[in-house]
Every structure is written in structure tokens, then in C-alpha cells.
1. Report the Rg/Rh value for region 49-134, based on alpha-carbon coordinates and the Kirkwood definition of Rh.
2. So, by mean Cβ neighbours within 10 angstrom, what's the order for 92-100, 30-38, 75-83 with the highest one leading?
3. So, by mean Cβ neighbours within 10 angstrom, what's the order for 44-55, 111-122 with the highest one leading?
Amino acid sequence: MNDYSVAATDGGMGDLAPGQRNERASGFAAGLRTYLTGFALAVILTIASFWAAQTNLIYAPGVSVALVTLGIAQMGIHLVFFLHITTAPDNTNNVLALALGVLIVFLIVTGSLWIMAHMNHMSMPMEALMRQQS
């Protein structure tokens, strides 16, 4: 036996994902501990985002990259600790539904930006419009 299976049989966490609940420790305290861990990590990432936006220690063009990175990390924390999206076999439908939702949002945003850019390109300039009306 490896160390993970020994830890799982001794009542330890074994090789569970951070947001996945242990079958033996599925009581109120274990669930609360998972949510409080996620909440603490989310608060830390929020404070880090505000710090990154207001500090002069980060190179100015790199602030947006830092904020996007912290935002993606916070989305991961929410998915794992609050929505319990893990790589477990029983979460396949949840992961597929999440992927479909992300695809739909991507298509809507990209399509909207494409339409607005095309409308802006095809519209008459404001100066020509003003000359035509007078």
C-alpha cells in the first residue's frame, strides 16, 4: 500500500481534492471547515487584488496582468470550495455544464464585440453626419 491509501484507511483525507468532501467526515464540522477555508482564501485574494491595484511596487503595465491572474485564481477557489467542482468521476456532468456555460458566454461576448466593431466601421463619421444635417 502507498501512503495515500494508508492515510485514507486511517481516517485521514487520503487523495481527495481540496473541495471534495470525505465520506466518513461528511458532518457539519467538515463542511464548515471546507467553506471557511474557501472563504479565507477568497478574502486573501480580494485583499491582494486591492493591494495590487493601489501599489507602486508592481510595474504599471503589469498591474492588469496581476489583477487578471488573481481574478482567475479567485474563480478557481470559488469553483473548488463553494461549487465543489473537482476532477472526481461523479462530477463529469458538472464540469461539462460549466464548460458549456463558459462557451456560451464566450460566444455571446465575442459576437457582441464583433457586431459593435463592424457597426462602428460601417457607420458614417460624425463630421459627415453633421454636414449632411445642416
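1. Rounded to two decimals, Rg/Rh equals 1.23.
2. Order by mean packing, descending: 75-83, 30-38, 92-100.
3. 44-55, 111-122
Bear in mind these aren't lab numbers, they're just calculated from the coordinates by the rules spelled out. These numbers come from a predicted model, not from an experiment. Cβ sites come from the backbone with ideal geometry, for glycine too, and all protein chains shown count toward neighbours.
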